[in-house]
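**Q** Okay, handing you the structure first.
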Amino acid sequence: MQYRELGNTGIKISALGFGAMRLPQTNVGGQTVFDTEESIRMIHRSFELGVNYIDTAPYYCEKQSEEIVGKAIKGWRDKVYLSTKNPIEDDSGVHYRERLENSLKKLDTDYIDFYHMWGINLEAFEQKINVKDGPLSAALKAKEEGLIKHLSFSFHDKAENMIKLIDTGYFETVLCQYNMLDRSNEAGIAHAREKGLGVIIMGPIGGGRLGAPSEVISKLIPGGAKSSAELALRFVISNPNVTCALSGMSNMAMVEENVQVASNEEQLSYEEIIAINEAMEQNKKLSDLYCTGCNYCMPCPKEVNIPKIFEFMNYHRVYKLTDYAKAEYKSIGTNEWLKGNRADACVDCGICEQKCPQKIQIRRQLKESEKELA
């Protein structure tokens, strides 16, 4: 296993982290339940193979993940680093503390190594976190008491806002999305390292969807890579500004395979990464729908999220990642970091087409996107 310095924390963590958000399930009496014993066996196996960073959250696995992880780290607590998250639900420092204490109880531990403000954005930080007697004050107090060793944040905002959150100076690590298909946080990742923050990546394989067979992506695989999933993980780990890539593992084979990839010190070269980036961009240009994501078409009067819809359509049309594209399309409007409406909300007004510098037939493409992805 490779180990890397986690920013300025003085800690070295494994290049692969165990993401406890997709733990194995089993059927008991006709009902699906999470398999605690198999989950613990997998987590222990990852530790034996050198993984020393495990990430969970209060709502993962139908609120069972923290309890399972708590059981799994018994006997390993002083050898591994534990990460979990606080969903900032309001501007109350008291409520922040209650959620922290609840996680400590579920995890059955006295402290959390890396405690994340979960999925925050710049607006939330300014308006309900960094306020009098708010969550930030409560977090700093808990850190003084030793309940939190390192203050972190996970991120689902506009890429430029990640840099602003880093520059507040309060955080020691950041957890953000980055993979071959979504490189929007690349500048922020570089800035984080420059400022001494450790960088943990979620979704290196697109939530597992980049692991699906794709003839287009398979052509990018350099010698030695066995699958698109392996290439995706190697792509992330090869970024020198990345400390650790989290993988949500749901079976023992995934543990063994991911550890093998993360243990391969012969990562992608700079030239190979550039070639992959260029090939991915060129693939976009081969599409009839070449949306640059400039956002000039926005805002839509009906709040149709045109840039994201077209991004997902490109995943389907250009990269043949149809399952990934459909899942992402259906999630539009279901969470705060993927706002707006799907294509079926379009009323054919044409305002977007008047503003599009690429002269894309947006209304026609929205109809096609709805037909293909819904």
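**Q** Order of 338-349, 20-31, 191-202 by packing, highest average Cβ count within 10 Å first?
**A** Ranked from most to least packed, the peptides come out as 191-202, 338-349, 20-31.
**Q** May I pose another question? Per 0.36 nm of contour for each residue apart, how much would the distance between residue 102 and residue 158 grow if the chain were fully extended, relative to their Cα-Cα spacing? Write out the running numbers ahead of the final one.
**A** Working: separation 56, 0.36 × 56 = 20.16 nm, distance 3.04 nm.
Result: 17.1 nm gained on full extension.
**Q** Mean residue ellipticity at 222 nm from the helices of the chain, using -39,500 (n - 2.57) per DSSP H segment of n ≥ 4 over the full residue count, to the nearest 500 deg cm²/dmol? Could you put the intermediate results ahead of the total?
**A** Details: 15 runs with 146 residues, N = 374.
Here the helix-only value at 222 nm equals -11500 deg cm²/dmol.
**Q** Moving on to the next point. Which pairs break 25 Å Cα to Cα here: 79/195; 105/164; 195/339; 12/85; 12/149? Walk me through the numbers on the way to the answer.
**A** On the way: 79/195 27 Å; 105/164 33 Å; 195/339 30 Å; 12/85 21 Å; 12/149 15 Å.
Those over the limit are 79/195; 105/164; 195/339.
**Q** Enumerate cysteines in the chain without a disulfide-compatible partner, where compatibility requires another Cys Cβ under 4.7 angstrom.
**A** Taking the Cβ cut-off of 4.7 Å, the unpaired cysteines of the chain are 61, 176, 244, 291, 294, 300, 346, 349, 356.
**Q** Calculate, for the stretch 291-373, the solvent-accessible area per residue in square angstrom, rolling a 1.4 angstrom probe over the heavy atoms of the protein chains.
**A** 53 Å²
**Q** Next up: Quick check for me: using +1 on Lys/Arg Cβ and -1 on Asp/Glu Cβ, what's the dipole size of the chain about its Cα centre, in debye to the nearest 20?
**A** My answer is approximately 520 debye.
**Q** Restricting to the chain, what percent of DSSP beta bridges are antiparallel, rounded to 5? Display every interim value, and only then the final one.
**A** On the way: 8 of 38 bridges.
Antiparallel bridges: around 20 percent, rounded to the nearest 5.
**Q** If each of residue 143 and residue 347 carries a label point 7 Å out from its Cα toward its Cβ, how far apart are those two points in nm?
**A** With each label point 7 Å from Cα toward Cβ, the separation is 4.8 nm.
**Q** Right, something else. Starting from the Cα of residue 48, step 7 Å along the direction of its Cβ; do the same at residue 168; then give the gap between the two resulting points in nm.
**A** Here the answer is 4.2 nm between the modelled labels.
**Q** Based on Cβ point charges of +1 for Lys and Arg and -1 for Asp and Glu, what charge dipole magnitude is obtained for the stretch 19-61 about its Cα centre, in debye rounded to the nearest 20?
**A** 60 debye
The values are calculated or read from the model by the stated rules, or taken from the named source; none is laboratory data. Since this is a predicted model, take the numbers as computed values, not measurements. As a convention, Cβ positions derive from the backbone with ideal geometry for all residues, glycine included, and neighbour counts pool all protein chains shown. When the accessible area is computed, the model is the full protein with side chains, heavy atoms only, and any ligands, DNA or RNA have been set aside. Shrake-Rupley method; radii C 1.70, N 1.55, O 1.52, S 1.80 Å.
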